[in-house]
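Please read the structure below before turning to the comments.
Readers should treat all values here as calculations from the given coordinates under stated rules, not as data from a laboratory. If you're wondering where the values come from, they're calculated on a predicted model, not measured in any experiment. Here the Cβ positions follow ideal geometry from the backbone for every residue, glycine too, while neighbour counts run over all protein chains shown.
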Amino acid sequence: MTTDTQMSAQEIVELTKKHTFFSWSVQSQVDPIPMVRAKGVHFWDAHGKRYIDMNSQLMCVNIGHGDERVIEAIKAQAEELPYAGPGMATRVRAEIGPMLAEITPGDLDMFFFTLGGSEANENAIKMARAYTGRHKIMVRYRSYHGATAGSMTLTGDPRRWANEPGMPGVIRVFDPYKYRSQLYTEGDSDQVFSQKCLDQIEEVMMYEGPETIAAVFIEPVTGTNGIIVPPEGYLQGLRALCDTYGILLVADEVMAGLGRCGEWFAVDRWNVVPDIITMAKGLTSAYMPLGAVAINGKLREYFNDHKFYGGLTYNAHPMSLAAAVANLKVMHEDDLVGNARRMGVLMADLMADLKAKHPSVGDVRSIGLFGVIELVRNRQTKEPMAPFNGSSPEMAKLGAFLKENGLFVFVNWNNLFSNPPLCITEAEMREAYEVFDAALAITDEGVTG
């Protein structure tokens, strides 16, 4: 067999498909890009083709690809101490804590480290149930919280169905999805719509028994289920509801956090402090696997005197923590949170231009560099370009066109996502949106009214 540096694109794809298993896929239908190198907002395949990474791979390469400052930090940690057991104190473990405490809101200044977002949410469930002595967890339908047993049960979208019945005690409410919510009436202010949503949530709490609910788990800004940005007053009202009934508020910031929304954490946009924040992805920009659970003072005090029944072999892994330390330094040095905010304004304007030009664009939503273009067949009826949990010929052609023209994006159901690395420049953004503009001619042909 040839060595990896000598492999052709065909060999890379064939051997990968023959011996490795792909997630969320029918294995015979997988058609992976043979990715060989990456830098900034770009990556290249084994044929030498360049792509603009408009999804930051899996909404995770926040600082961009190939930053030498992070790569060198990982190398140095490998030479110093590649592994220490979870019960050890290490230099890099001592370094990361204060750095995270500086950027997390309120008094969330203690962290349990995992290897990803799913594990972070699993442990947040354990912490919330232990602290409150309650069992139920309230979540939303348009949510994704992970692929492990508990986090998958929290997930509201159809990926949950094949894994049911799952963990008991999960109750669901609807999302503040203005474009499709039955609660929204044309002309409603954010405050009116928020209150309608909150009243419905409180009604569910009453029927479930608020004294049985340990936590409300939310993505402050919904991720893969459509970039649903909450209306003003919603998160503040949810915080107040949780306080009224002694329920913990858990913010899953795995995707929305670490600069993606133009703030260190999405909740900062609304000055809301949750009891627990879970994070991953942008914590190391995926240079190494790492997740974390951040807890506030009252949970910290509880676990000072009560055993926590959870653990991981790779908890606080030095290599991953070294990547996180370097990643956070890069974000500070390059003002990437600020750049996400500034480029987010440009991206929102470009998305609005597409909506004005293309009749297949029903709605555009974004916050920072977290955006989606929702495609419809009819703006009046809002009939989606593809059915819920399905695709359509137009959406398939759209995805193929974007890939052919060197744009790596996430196309799901009737949604076209726009989640570039936070280091993107204006020129790079405009180049990508020229391709978006050309591609939407395909879905415009599917418009029926």
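By the gyration tensor of its Cα atoms, with a ≥ b ≥ c the square roots of the eigenvalues, what is the shape of region 300-386: rounded for a/c under 1.5, prolate for a/b over b/c, or oblate? Prolate shape, in that a/c is at least 1.5 and a/b is the bigger ratio.
Each of S23, S118 was scored by other Cβ atoms within 10 Å of its Cβ. Listed from fewest to most, they are S23, S118. Rounded to the nearest 20, the size of the Cβ-charge dipole of the chain about its Cα centre is 700 debye, with Lys and Arg at +1 and Asp and Glu at -1. Based on the convex hull around the alpha carbon atoms, region 69-333 presents an average projected area of 14.1 nm².
Full extension of the chain between W24 and A400 yields a length gain of 133.5 nm, computed as 0.36 nm times the residue separation minus the alpha carbon distance. What helices does the chain have that are whole DSSP H segments, at least 24 Å long along their own axis by Cα, and with mean Kyte-Doolittle hydropathy of 0.0 or more? Membrane-span-like by this rule: 336-357. Ranking F174, T148, P210 by Cα position along the charge dipole of region 69-333, where only Lys, Arg, Asp and Glu carry charges on their C-beta atoms, puts T148 farthest toward the positive end. Summing +1 for each Lys or Arg and -1 for each Asp or Glu among the other residues whose beta-carbon sits under 12 angstrom from that of V330 gives -4.
In the chain, the DSSP beta bridges split such that about 65 percent are antiparallel, to the nearest 5. Taking 19 Å as the cut-off for C-alpha to C-alpha distance, list the pairs among K298/K329; K357/K382; K126/K298 that go past it. Result: K298/K329 exceed 19 Å.
With a cut-off of 12 Å between beta carbons, the residues surrounding A352 carry a summed charge of 0, where Lys and Arg count +1 and Asp and Glu -1.
Among W413, W270, W161, W24, the ranking by other beta carbons within 10 Å of each residue's beta carbon, starting with the fewest, stands as W24, W161, W270, W413. Of all lysines in the structure, those lying under 19 Å Cα to Cα from K403, and not within fewer than 8 positions of it along the same chain, are K39, K49.
Mean residue ellipticity at 222 nm, helices only, the chain: -12000 deg cm²/dmol; runs of at least 4 DSSP H residues each add -39,500 (n - 2.57), and the sum is divided by the number of residues. Other residues lying with their Cβ under 12 Å from the Cβ of A266 contribute a combined charge of -3, Lys and Arg counting +1, Asp and Glu -1.
Going from the fewest other Cβ atoms within 10 Å to the most, the residues H306, H145 appear in the order H306, H145.
Would you give the gap between the C-alpha center of region 75-134 and the C-alpha center of region 394-419, rounded to a whole Å? Comparing the Cα centres of region 75-134 and region 394-419, I get a distance of 35 Å. Inter-label distance, H306 to L58: 3.2 nm, where each label sits 7 Å from its Cα along the C-beta direction.
Take every DSSP beta bridge whose two residues both sit in region 69-333; close to 40 percent of them are antiparallel. Each Lys and Arg Cβ is given +1 and each Asp and Glu Cβ -1; about its Cα centre, region 69-333 then shows a dipole of about 600 debye. Averaging the Cα positions of each part gives two centres, and for region 47-72 and region 163-221 these lie 36 Å apart. Against the set (i) 30.6; (ii) 21.7; (iii) 29.4, the structure's computed mean projected area of the Cα convex hull in nm² falls on (ii). Applying both filters, DSSP loop and at most 13 other Cβ atoms within 10 Å, to the GluC sites (Glu not before Pro) of region 360-448 gives E445.
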